[in-house]
Amino acid sequence: MTRKLTILFDLDGTLVDTAPDLMGAHNHVMKKFGFHRKNLGDIKHLAGRGAWIMMQRSFKEEIKDEKVKKEMVKEFIDHYEKNIDKGSKPIKGVVPFLKWASSEKIPMAVCTNKHERLAVDLLKKIKLEEYFHYIAGCDTFDFNKPDPRHLTNVVEIIGGDINKTIMVGDSEVDSQSAYNAKIPFILVEDGYTEKKTSQIPHNIAIKDFLNFEKIIEKYL
């Protein structure tokens, strides 16, 4: 029987731990331009709004020249694109869950503030792309999270019902987008955010995706 539920996922810090490769690109740029590098914890706090904004948040206080900023961001994207799957790994339990959901014919999509081509490339290289009906990045539409249309447009495109949709993410941006779209939000703890779990509105919080199907079954 085909299920009516649709599941939307954030990408970085939710489905995939991308911090090692984001840090590699970030520190490559900082070293090249003569600025301070960051550690893994710093990157996780900076990455919640997408790689592009992560870079700007990182160097906004010490670099005032807009031309230099643009050069650094371009260097970041170029390096990251070439090394996008060197250290990035699916979050624990993600692959078994996606296989289960696919076997149950549950439509799934990705709504990320990563550029669409980078999101698609990463998911292809780590062999997760096949599980998703649609992948929407920060540049897929004229708007992105926390604008609810980032979510509602995707649900409409894949033929889902927004009233039978849930969002899974790891940050306040994901939470806000879900609540703006008036859908339940499941928080993946210890994600790419500076906020504590208690500071991010959510319906359910999980550590990883082990046994996640038991939670989803309640929504079917």
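I want to confirm something. Restricting to the stretch 144-178 and keeping residues that are hydrophobic (A, V, I, L, M, F, W, C) and part of a strand (DSSP E or B), which single residue is nearest to ALA47 (Cα to Cα)? Please lay out each step first, then the result.
Taking the stretch 144-178 first, the residues hydrophobic (A, V, I, L, M, F, W, C) are 151, 154-155, 157-158, 162, 166-168, 173, 178.
Subsequent filtering for residues that are part of a strand (DSSP E or B) retains 166-168.
Numbers: ILE166: 23, MET167: 19, VAL168: 17 Å.
Filtering first and then ranking leaves VAL168.
Check the stretch 183-190 and report whether any residue there is more than 16 Å from GLY13 (Cβ to Cβ), modelled with pLDDT of 95 or more and among the aromatic types (Phe, Trp, Tyr). Show your work before the answer.
Step one: filter the stretch 183-190 for residues more than 16 Å from GLY13 (Cβ to Cβ), giving 183-184.
From the residues that got through so far, the ones that are modelled with pLDDT of 95 or more too are 183-184.
Adding the requirement that they be among the aromatic types (Phe, Trp, Tyr) leaves none.
Within the stretch 183-190, none of the residues are more than 16 Å from GLY13 (Cβ to Cβ), modelled with pLDDT of 95 or more and among the aromatic types (Phe, Trp, Tyr).
For the stretch 39-57, does any single residue satisfy the condition of being within 24 Å of LEU123 (Cα to Cα) and touching a Pro at 6+ places or on another chain (Cβ under 9 Å)? There is at least one residue in the stretch 39-57 that is within 24 Å of LEU123 (Cα to Cα) and touching a Pro at 6+ places or on another chain (Cβ under 9 Å).
Yes or no: the stretch 4-16 includes at least one residue that is of a type in the set (Lys, Arg), modelled with pLDDT under 95 and buried (at least 21 other Cβ atoms within 10 Å of the Cβ).
Initially, the stretch 4-16 is screened for residues of a type in the set (Lys, Arg), giving 4.
In the following step, the residues that additionally are modelled with pLDDT under 95 were identified as 4.
Okay, now just the ones that are also buried (at least 21 other Cβ atoms within 10 Å of the Cβ), so none.
No, that holds for no residue.
Only a single item in (1) assigned to a helix (DSSP H, G or I); (2) in the same structural domain as ASP208 (by TED's automatic domain parsing) is not met by VAL29, and it is number (2).
Residues considered: LYS105, LYS124. Of these, the only one that is over 20 Å from ALA181 (Cα atoms), in the same structural domain as PHE185 (by TED's automatic domain parsing) and more than 16 Å from the chain's Cα centre (by Cα) is LYS105.
In the stretch 136-148, the residues that are not assigned by TED's automatic domain parsing to the domain that holds SER175 form no Cβ pair under 9 Å with any partner that is assigned to a strand (DSSP E or B) and at pLDDT 95 or above, whether six or more places apart or across chains. If the condition is being over 17 Å from ASP10 (Cβ atoms) and touching a strand residue (DSSP E or B) at 6+ places or on another chain (Cβ under 6 Å), then the stretch 107-139 contributes no residue at all. Starting from residues that are over 16 Å from the mean Cα position of the chain (by Cα) and within 28 Å of PRO96 (Cβ to Cβ), keep the ones in the stretch 134-162 and report whichever is surrounded by the fewest Cβ atoms within 10 Å (Cβ to Cβ). Among those residues, the one meeting the criterion is GLY159. Give the number of residues within the stretch 77-125 that are under 19 Å from TYR192 (Cα atoms), touching a helix residue (DSSP H, G or I) at 6+ places or on another chain (Cβ under 6 Å) and assigned to a helix (DSSP H, G or I). The total comes to 2.
Conditions tested, residue by residue: (1) surrounded by fewer than 18 Cβ atoms within 10 Å (Cβ to Cβ); (2) modelled with pLDDT of 95 or more.
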site: MET55; (1), (2): no, no
site: LYS82; (1), (2): yes, yes
site: ASP85; (1), (2): yes, yes
site: LYS89; (1), (2): yes, yes
site: PRO96; (1), (2): yes, yes
site: ALA101; (1), (2): no, yes
site: MET108; (1), (2): no, yes
site: CYS111; (1), (2): no, yes
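The values are calculated or read from the model by the stated rules, or taken from the named source; none is laboratory data. As the structure is a computational prediction, the values presented were derived from the model and not from experiment. In this analysis, Cβ positions are derived from the backbone assuming ideal geometry, glycine residues included, and neighbour counts consider all displayed protein chains.
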